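J.: Supplied in structure tokens, the structure appears directly below.
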Amino acid sequence: MLIGLVGKPNSGKSTFFKAATMADVLIANYPFATIKPNHGMAYVKINDLAADFGKQSNPREGYVKGKWRFVPFELMDVAGLVQGASEGKGLGNEFLNDLAGADAFIHVVDVSGETNNEGKPSQDYYPGKDIKIIETELDLWYFGILIKTWKTFARTAEMQKIKFAEAVAKQFSGLKVNIGDIKSVILKSDLNPEKPSSWTDKDVFKFAQSLRKQSKPMIIAANKIDCPKGKENYEKIKNEFDYLIIPCFAEGELALREADKAKLIFYSPGDNTFEVKSPLSQKQADALNKIKEILAEYKSTGIQAVLNKVVFEIMDYIAIFPAGSKLEDSKGNVLPDCYLMKKGSTALDFAFRLHTDIGNSFVKAIHVKTKRAVGKDYVLQHMDGLEIMTK
């Protein structure tokens, strides 16, 4: 699973990325600070299953902090997107190619109203324009891929009686579009997949737009909520757009993460408070008090909420643990692994995720909490711990 950060230049994407990953990236107050895409590990926050058994996990990947376990997934930050990117403006073509492998997008929107659509200083700019620009550029990207060869493609599909969904999936194979995505879009539309040569350019655009939304779902991170016009603009875009929109303070989250790393405070990402552990300078105290006000109003900086929601709600994943009766591996590590899997996956899917041989030899699974045996068709539930029994 790869999640891509999108947004106009200077919207705070790199700050969001660093706050989520603690990777060493350039953060600068000018457009196109990011040129080449940055990749890092971000984390979803879940309860530590081991705590239910009076233990603490020893993750092979990710980490445990207090009662929370943080499970990694890949996050990518790419160059800012400007209007006309689909036609090559700015870093357009390169930007869009970088996004091809993403499974979903986090659109970081600057709700301060203090930068325009190109990321340059402005006053009273309405951030809803940025959402429309990004949507349009992504839609035109998909449309451009389709329309380039549409007439030939449509005629060939009809003459050779190639199934439409399979033909389009092949056309979009580099963008992680699958047959299921295409069938879902067609089912919800009034377009005739048997006669694609009869589609107008408008029909093709409508199809491309729906396919983009289906194959690369998006969540909005309303960043810079701490600025004077932040809350007002957040409320406006929340009422205008049909997206899951989370108020965010990436700069504040990064400050908390760095203060925690320096052992000045104890802070767990996503919490609504922190504990001061060492003496602070006046400047540090003032900065943390400002962040505390945001935490009191919004219950968090929003960064962890966005990460959790994009994985568990937008992407529809669940967390599953391989777990024996003692919860330990051969080296005594407690619940060293945790897997993110699509909701609806079965015990057999999980066995194959662990190893092909385990899947092929599957007999049953033992649920670590209930101790009952479940079969291969058992539908996994979020936070299940299963021991796979093989023949």
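The values are calculated or read from the model by the stated rules, or taken from the named source; none is laboratory data. Note that this is a predicted model, so its numbers are computed, not measured. Here the Cβ is made from the backbone with ideal geometry for all residues, glycine too, and neighbour counts use every protein chain on show. In case anyone asks, the SASA skips ligands and DNA or RNA and just uses the protein heavy atoms, side chains included. Shrake-Rupley method; radii C 1.70, N 1.55, O 1.52, S 1.80 Å.
J.: Using the heavy atoms of the protein chains alone and a 1.4 angstrom probe, what is the accessible area of segment 283-391 per residue in square angstrom?
T.: I get 51 Å² per residue for this part.
J.: Of all DSSP beta bridges in segment 244-391, what percent run antiparallel (nearest 5)?
T.: 85
J.: Ignoring ligands, DNA and RNA, what accessible area per residue does segment 162-252 give at 1.4 Å, in Å²?
T.: Per residue, segment 162-252 has 51 Å² of solvent-accessible surface.
J.: Which of GLY332, ILE314, GLN282 sits closest to the plus end of the dipole of segment 256-391, meaning its Cα is farthest towards the positive end, when Lys and Arg get +1 and Asp and Glu get -1 on the C-beta?
T.: GLY332
J.: Need the full-extension length gain, LYS120 to ASP349, defined as separation in residues times 0.36 nm minus the C-alpha distance. One decimal, nm.
T.: Gain in length upon complete extension: 77.6 nm.
J.: Using DSSP to call loops (not H, G, I, E or B), can you name the trypsin sites (Lys or Arg not before Pro) in segment 224-298 whose Cβ has at most 14 other Cβ atoms within 10 angstrom?
T.: LYS263, LYS277
J.: Before rounding to the nearest 500, sum -39500 (n - 2.57) across all DSSP H runs of length at least 4 in the chain and divide by the residue total; then give [θ] at 222 nm in deg cm²/dmol.
T.: When only DSSP H runs of four or more count, the value is -11000 deg cm²/dmol.
J.: Moving to a separate point now. If I histogram all Cα-Cα distances within segment 242-391 using bins 5 Å wide from 0, what percent of pairs lands in each bin?
T.: The distribution over segment 242-391 is 2, 9, 14, 14, 11, 10, 10, 11, 9, 5, 2, 1, 0, given as percents.
J.: Per residue, how much space in cubic angstrom lies within the convex hull of the C-alpha atoms of the chain?
T.: Hull volume normalised by residue count: 163 Å³.
J.: What is the percent carbon and sulfur in the accessible area of the chain, measuring with a 1.4 Å probe over the protein chains and ignoring ligands?
T.: 49
J.: Next up: Starting with the highest mean, order 335-341, 318-324 by the number of other Cβ atoms within 10 Å, averaged over the residues of each peptide. It would help to have the intermediate numbers written out before the result.
T.: Details: 335-341: 19.6, 318-324: 21.3.
Descending mean neighbour count gives 318-324, 335-341.
J.: In sequence order, what are the phi-derived ³J(HN,Hα) couplings for segment 250-263 according to the Karplus relation 6.51 cos²θ - 1.76 cosθ + 1.60 with θ = phi - 60°, rounded to whole Hz, with x for glycine and proline?
T.: Values per residue, Gly and Pro as x: 4, 4, x, 4, 4, 4, 5, 4, 6, 5, 5, 4, 7, 6 Hz.
J.: Ok, one more. When DSSP assigns beta bridges and you keep just the ones with both residues in the chain, what percent turn out antiparallel, to the nearest 5?
T.: Percentage antiparallel, nearest 5: 60.
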